[in-house]
Amino acid sequence: RGLTQAAHGTLFLPAPATLECLIGHPTYDGEHPFEFVTPTGAALVGALGAPAPAWPRMTPEATGWGAGTANPAFRPNLLRAVLGAPEVSAEAQGSFVLLETNLDDASGELIAYCIERLLIEGAKDAWATPITMKKGRPAVVLSALAQAPDAGRLTVTMLRESTSLGVRTTAVDRVVRPREMIEVETHYGTIPVKVAGGAFGPPQAKPELDACAARAVELGIPLREVILAATLAAAEVLRARGR
């Protein structure tokens, strides 16, 4: 509310740059003719912040204060920053079993097939990591993440489909960001986008690769152009939601 003096002359508050940075973030009137938010502060909020209607569920880890040079009579000109670890809900956690085996005599084709079979038969994830074994042999660690009830069955799959002579099992916990699928409109058509949210910072949007690839092939354009268009469209949808 009010006016401020800038390099370009007298400006209405909030300043144009401040308002641009705060697009998509809830704002309210400060009730006094004073510049409560500067363009620098708004840029930090716009780039790094996510709207929170109330104090988030978290464990405070550090806090700090900053003071402005102005000294208004109606309130302290102070800014508090709090660093905290988000509280992870029970729904976001899970207990799993990590299955691993070292392979130094399996071809790339066989390893790829093993990963495919593990995923088809219920592994939450499966992957191969390059390592060096005894006598300098190049090898891979074949890994799969399984829910506890599926661990025995997937161990059999790993032993049956690979050249492994044994599988290591380790109990692990996993924290998962809540996810949702949205559809966005682009000039290349409708593209599904996976959005990861929760109390872990700003949401992450990732266009579905297969859908983007199908549109790229159909239209004869580079895949990266479709991905970029869907990413920008998803950002606009999330901004409109105030996220």
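Is it fair to say residue 180 is of a type in the set (Asp, Glu), under 30 Å from residue 146 (Cβ atoms) and free of Cβ contacts under 8 Å to residues at least 60 places away in the same chain?
yes
Specify which of the listed residues (172, 176, 226, 193) is in contact with a Phe, Trp or Tyr (Cβ under 8 Å, 6 or more places away or on another chain) and either within 28 Å of residue 25 (Cα to Cα) or aromatic (Phe, Trp, Tyr) (or both). First the steps, then the outcome.
Details: 172 fails: either within 28 Å of residue 25 (Cα to Cα) or aromatic (Phe, Trp, Tyr) (or both); 176 fails: in contact with a Phe, Trp or Tyr (Cβ under 8 Å, 6 or more places away or on another chain); 193 fails: in contact with a Phe, Trp or Tyr (Cβ under 8 Å, 6 or more places away or on another chain).
Result of the check over 172, 176, 226, 193: 226.
Determine the pairs where a residue that is among the basic types (Lys, Arg), located within region 217-243, has a partner that is outside any helix (DSSP H, G or I) with Cβ atoms under 6 Å apart, the partner being 6 or more residues away or on another chain.
Pairs that qualify, where the first residue is among the basic types (Lys, Arg) and the partner is outside any helix (DSSP H, G or I), are 239/24; 243/203.
Could you list all residues from region 1-42 that are free of Cβ contacts under 8 Å to residues at least 24 places away in the same chain and hydroxyl-bearing (Ser, Thr, Tyr)?
Passing the criteria: 10, 27, 28, 38, 40.
Which of (1) assigned to a strand (DSSP E or B); (2) without any contact (Cβ under 8 Å) to a residue 24 or more places away in the chain is the odd one out, the single condition residue 76 does not satisfy?
Unmet condition: (1).
Identify, by number, the condition in (1) modelled with pLDDT of 95 or more; (2) in contact with a Lys or Arg (Cβ under 8 Å, 6 or more places away or on another chain); (3) over 30 Å from residue 49 (Cβ atoms); (4) surrounded by fewer than 17 Cβ atoms within 10 Å (Cβ to Cβ) that residue 145 doesn't meet.
Result: residue 145 fails condition (4) only.
Please give the number of the condition residue 206 fails out of (1) surrounded by 19 or more Cβ atoms within 10 Å (Cβ to Cβ); (2) of a type in the set (Lys, Arg); (3) in contact with a Lys or Arg (Cβ under 6 Å, 6 or more places away or on another chain).
Every listed condition holds for residue 206 apart from (1).
Which numbered condition in (1) of a type outside the set (A, V, I, L, M, F, W, C); (2) part of a strand (DSSP E or B); (3) at pLDDT 95 or above; (4) closer than 30 Å to residue 205 by Cβ is the only one that residue 100 fails?
(4)
Looking at (1) under 19 Å from residue 121 (Cβ atoms); (2) touching a residue at least 24 places away in the same chain (Cβ under 8 Å); (3) exposed (fewer than 13 other Cβ atoms within 10 Å of the Cβ); (4) of a type in the set (Val, Ile, Thr), which is the only condition residue 170 fails?
Exception for residue 170: condition (1).
Return a yes/no flag: does region 208-220 have any residue that is assigned to a strand (DSSP E or B), at pLDDT 95 or above and not aromatic (Phe, Trp, Tyr). Let's see the steps before the verdict.
Going through region 208-220, the residues assigned to a strand (DSSP E or B) turn out to be none.
The answer is no, given that none of the residues of region 208-220 is assigned to a strand (DSSP E or B), at pLDDT 95 or above and not aromatic (Phe, Trp, Tyr).
Go through the residues of region 21-31 one by one and say whether even a single one is in a loop (DSSP other than H, G, I, E, B), in the same structural domain as residue 74 (by TED's automatic domain parsing) and of a type in the set (Ser, Thr, Tyr).
Filtering region 21-31 down to residues in a loop (DSSP other than H, G, I, E, B) leaves 22-31.
This time we only want the ones that are in the same structural domain as residue 74 (by TED's automatic domain parsing), so: 22-31.
Then drop every residue that is not of a type in the set (Ser, Thr, Tyr), which leaves 27-28.
Yes; the residues of region 21-31 include at least one that is in a loop (DSSP other than H, G, I, E, B), in the same structural domain as residue 74 (by TED's automatic domain parsing) and of a type in the set (Ser, Thr, Tyr).
Could you pull out the residue among 208, 161 that is in the same structural domain as residue 218 (by TED's automatic domain parsing) and of a type in the set (D, E, K, R)?
When all the criteria are applied, what remains is 208.
The values are calculated or read from the model by the stated rules, or taken from the named source; none is laboratory data. If you're wondering where the values come from, they're calculated on a predicted model, not measured in any experiment. No Cβ is skipped: glycine too gets one built from the backbone with ideal geometry, and neighbour counts run over all protein chains shown.
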